[in-house]
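Chemist: Here it is, the structure, as structure tokens.
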């Protein structure tokens, strides 16, 4: 599937797309961020950063905190910083091959679940094929994200499962920029300044 780079919000919404932070974003919390958009309505927008691993947070510790008892949990599952809002709240962005009653299906291939059941399923290796665990989220009130896009803080592209789930976090921003056709070596955080 071919995607076209866009620098301003289209007449539709960004649900199921990726936001890619420009160097001019001006907010260190979103430095080189790639955000998967879970919701975008006229009232609000919500997404999860998919390329900022949380430091010092381990899956086994999370299971213990939530009193989820599993023999030999897979502790190789990374936890991400999903954004600066409600940082103690957990989200699981995952492949849509796993759906329960509370799952929010976002696209044909990606869904979002916020229950302890999915964490237990992942720990027992019976959960979705692909998953990304995040603490916190990125949120915008009415019109805020559109203004940030117009100010060249964000670009957006079609999401693809490989970039979301299978690319190393440190490579996601570069890969998203390449997908947009942008050579990052020519970008500057001081766009428009000599």
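The values are calculated or read from the model by the stated rules, or taken from the named source; none is laboratory data. Treat the numbers as computed from the prediction; the structure is a model and nothing was measured. Cβ: placed from backbone, ideal geometry, glycine included. Neighbour counts: every protein chain shown.
Chemist: Is there a residue being at pLDDT 95 or above, surrounded by 14 or more Cβ atoms within 10 Å (Cβ to Cβ) and farther than 24 Å from residue 60 by Cβ anywhere in segment 77-94?
Modeler: yes
Condition check ((1) in contact with a helix residue (DSSP H, G or I) (Cβ under 8 Å, 6 or more places away or on another chain); (2) closer than 23 Å to residue 141 by Cα; (3) part of a loop (DSSP other than H, G, I, E, B)) across all residues:
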{"position": "24", "(1), (2), (3)": "no, yes, no"}
{"position": "42", "(1), (2), (3)": "no, yes, yes"}
{"position": "64", "(1), (2), (3)": "no, no, no"}
{"position": "67", "(1), (2), (3)": "no, no, yes"}
{"position": "72", "(1), (2), (3)": "no, no, yes"}
{"position": "77", "(1), (2), (3)": "yes, no, yes"}
{"position": "87", "(1), (2), (3)": "no, yes, no"}
{"position": "93", "(1), (2), (3)": "yes, yes, no"}
{"position": "99", "(1), (2), (3)": "no, no, yes"}
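Chemist: Still on this model: I need every pair where a residue in segment 64-82 that is more than 19 Å from residue 53 (Cβ to Cβ) has its Cβ under 8 Å from the Cβ of a residue that is part of a loop (DSSP other than H, G, I, E, B), sequence separation at least 6 or different chains.
Modeler: Qualifying pairs under 8 Å: 70/124.
Chemist: Oh, and also: Residue 152 versus (1) out of contact with any helix residue (DSSP H, G or I) (no Cβ under 7 Å at 6 or more places or on another chain); (2) surrounded by 15 or more Cβ atoms within 10 Å (Cβ to Cβ); (3) assigned to a loop (DSSP other than H, G, I, E, B): which is the lone unmet condition?
Modeler: It fails just one condition, (1).
Chemist: Here's a follow-up. Looking at segment 101-139 only, could you name the residues that are part of a loop (DSSP other than H, G, I, E, B), touching a residue at least 60 places away in the same chain (Cβ under 8 Å) and in contact with a strand residue (DSSP E or B) (Cβ under 9 Å, 6 or more places away or on another chain)?
Modeler: Correct list: 106 only.
Chemist: Looking only at residues that are outside any strand (DSSP E or B) and touching a residue at least 40 places away in the same chain (Cβ under 8 Å) in segment 44-62, which one is surrounded by the fewest Cβ atoms within 10 Å (Cβ to Cβ)?
Modeler: By that ranking, first place goes to 57.
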